[in-house]
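Asker: Got a structure for you, written out below as structure tokens; questions coming shortly.
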Amino acid sequence: MSTLHHTEVLGARVEFFEQKFRVPLRLSTGLIETITEARATVRVRVGREEAEGSGSIYLSDLWAWPTQALSHAERDAILRKECEGIATALPALTGTAAHPLELGLRLHDAACEKAGTAPPALALALCMAPFDAAIHDAAGRALQESAFAFYRDAVAIPSADAYFPGGACAAISRLLRPPVDALEGWWLVNAHDDLEDPQGDFLRAIRIHGMRNFKIKILAQELSGDAERTVAVYRAARRHGVVAPRLSLDSNEAHADAQAVRDFLRILHQADAEAFGAVMYLEQPTSRDIHRRAFDWHEAAALKPILLDEGLSGLDLLPLMVEQGWSGLALKTCKGHSFTLVAAAWAHERGMLLAMQDLTNPGISAIHSWLVAAHLPVINGIELNSPQFTPQANAAALPALAGLFDIRDGSHRMNPQTAGLGSDLLASHLG
């Protein structure tokens, strides 16, 4: 047995970088124009070996903490302070030596247990995520092996074993696949993007980047209008040379209820059966509070898969997801590497669908997200939005990682045989 269960956090630090969006990203809660990137560095000891690892995430308050009570600047300042507190207290938050997965789950629980309305659990998980990734990266570097090889042995994971009859490590081992070296990408289409402008993003995505898959932001204010927009995007993609476009739909929780989603899908099918057929899934169409805003998704999910995203902030919510009839999970590494693997394994054991979504991950966080998707049986490939919205955040990785950040054939490509969640080579290109 490896020494993984003797992984101990020695210390951590965090830095912040402000990134400006090339074009605004429109959510139902508003526009994202600037954002803070939090980069964490963690030092661990695994047995007798020590190493440092890295992790990164955007502190997307508009996504994780939508509220009118505080400004973006005020929320951003609070989240930065939370990250600094985690960095200072990380050895205490992770506790005694254990498997990196257990350390990450302890950190997730410790960060989120103080959640309230300000900040909520999702925002606190966001602050914790780069440290969890850095723990796994550091452990991989210490052992000179991939963090996805950590599940060969049945090591006790007290924070997660109760969710699996044979233990969490065995379930994650069954989840993981031999990594691929290419994943189909997705281009985000905002609600008012021009589909015909020769200089616009939509045509550039098709003609320059070879995109075939499009995530459509719909506003859920008028169902027939959303259906018309979906049809328009599908037909424009066909008209501009995409033979078989694939679509996903995201209203960022703006639909009133499951019946509204069902009605929208029926309107879409009546408007254009081909466009309806191109839709792979919908992401979190209603409120993230799946306790207070509980809906029965079985009827809508019989028309198209409905994936849970913001509504999953704790492992205790997984049984409720099945009870309510969700089709599967829209995974995001911004909830934490450990949490993501455990939740994905739990859903996979029940035959549920997995898709790899994004939080406009830049640099090392994009590499992290890509590596997770490369090892999982995802249905969509991967959504990586930073080349579209914050390309300057990836500039240090070019041209070395052009296959990941400057694609030309619609797929993000990278050699997955790297140490931990990155490698010395990749880190050198990303500064």
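Asker: Checking the a/c ratio against 1.5 first, then a/b against b/c, what shape does the Cα gyration tensor give for segment 1-74?
Answerer: It comes out prolate by the Cα gyration axes.
Asker: Per 5 Å bin, what percent of the C-alpha pairs of segment 212-369 does each bin hold, from zero upward?
Answerer: Pairs per bin, as whole percents: 2, 9, 19, 21, 19, 15, 10, 5, 1, 0.
Asker: If you take every residue apart from Ala170 with its C-beta less than 11 Å away from the C-beta of Ala170, what net charge results, scoring Lys and Arg +1 and Asp and Glu -1?
Answerer: -1
Asker: Using alpha-carbon pairs under 8 Å, 6+ residues apart, how would you state the relative contact order of segment 55-171 in percent?
Answerer: 28 percent
Asker: Let me ask you something else. Of the peptides 3-10, 391-398, 121-128, how do they stack up when ordered by the mean number of other Cβ atoms within 10 Å, highest first?
Answerer: 121-128, 3-10, 391-398
Asker: Can you compute 3J(HN,Hα) from phi for each residue in segment 74-80, using the Karplus curve 6.51 cos²θ - 1.76 cosθ + 1.60 with θ = phi - 60°, rounded to whole Hz and x for Gly and Pro?
Answerer: For segment 74-80, the Karplus curve yields 5, 5, 4, 4, 5, 5, 4 Hz.
Asker: Calculate, for Glu113 and Ser224, the FRET efficiency according to 1/(1 + (r/R0)^6) with r their C-beta to C-beta distance and R0 45 Å; round to the nearest 0.05.
Answerer: 0.55
Asker: At 0.36 nm per residue, and after removing the present C-alpha to C-alpha distance, how many nm does the segment from Gln392 to Arg204 gain when stretched out fully?
Answerer: So the extension gain works out to 65.9 nm.
Asker: Where the centre of each part is set by its Cα atoms, how far does segment 48-113 sit from segment 315-341, in angstrom?
Answerer: Cα centroid to Cα centroid, the span is 19 Å.
Asker: Given a 10 angstrom Cα cut-off, can you work out which residue in His298, His108, His337 is the most mobile in a GNM of the chain?
Answerer: His298
Asker: Any idea how far apart Arg174 and His6 come out in nm if each label point goes 7 Å out from Cα toward Cβ?
Answerer: 3.1 nm
Asker: If each residue of separation counts as 0.36 nm, what is the full-extension length gain between Lys20 and Glu349 once their alpha-carbon separation is subtracted?
Answerer: Going from the current span to full extension adds 114.4 nm.
Asker: Near Gly381, within a Cβ-to-Cβ distance under 10 Å, what is the net charge of the other residues, with Lys and Arg +1 and Asp and Glu -1?
Answerer: Local charge sum for Gly381: 0.
Asker: In vacuo Debye scattering of the chain, one point per C-alpha: log10 I(q)/I(0) at q = 0.07, 0.12 Å⁻¹?
Answerer: Result of the Debye calculation: -0.31, -0.96.
Asker: Where a Cα-Cα gap under 26 Å defines reach, which lysines qualify for Lys217, not counting those fewer than 8 residues away within the same chain?
Answerer: Straight-line reach from Lys217, under 26 Å: Lys20, Lys304, Lys332, Lys335.
Asker: For the chain, what relative contact order do you get, as a whole percent, if you take Cα pairs closer than 8 Å and at least 6 residues apart?
Answerer: Relative contact order here is 18 percent.
Asker: If you don't mind, another one. So if I place +1 on the C-beta of Lys and Arg and -1 on the C-beta of Asp and Glu, and nothing else carries charge, what would the dipole magnitude of segment 51-204 be about its Cα centre? I want it in debye, nearest 20.
Answerer: 600 debye
Asker: Taking the DSSP beta bridges in the chain as the whole, what percent of them are antiparallel, to the nearest 5?
Answerer: The antiparallel fraction comes to roughly 60 percent.
Asker: Under a Cβ-Cβ cut-off of 10 Å, what is the net charge of the residues other than Leu70 that fall near it, where Lys and Arg count +1 and Asp and Glu count -1?
Answerer: Surrounding charge for Leu70 is -2.
Asker: In terms of modelled amide H atoms, which long-range or inter-chain residues lie less than 5 Å from the amide H of Leu10?
Answerer: Arg43, Val44, Arg45
Asker: Go ahead and run the numbers for FRET between Asp153 and Asp181, Cβ-Cβ distance against an R0 of 35 Å, rounding to 0.05.
Answerer: Here the calculated transfer efficiency is 0.85.
Asker: Averaged per residue, what accessible area in Å² does segment 2-59 show with a 1.4 Å probe, protein chains only?
Answerer: 46 Å²
Asker: Would you mind calculating the gained length between Glu33 and Arg238 on full extension (0.36 nm times residue separation, minus the Cα-Cα distance), in nm to one decimal?
Answerer: 70.8 nm
Asker: Over what distance in Å are the Cα centres of segment 267-307 and segment 139-206 separated?
Answerer: Each part reduced to its Cα centre gives a spacing of 23 Å.
The values are calculated or read from the model by the stated rules, or taken from the named source; none is laboratory data. These figures come from a predicted structure and were not determined experimentally. In this analysis, Cβ positions are derived from the backbone assuming ideal geometry, glycine residues included, and neighbour counts consider all displayed protein chains. Only protein heavy atoms, including side chains, enter the accessible area calculation; ligands, DNA and RNA are left aside. Shrake-Rupley method; radii C 1.70, N 1.55, O 1.52, S 1.80 Å.
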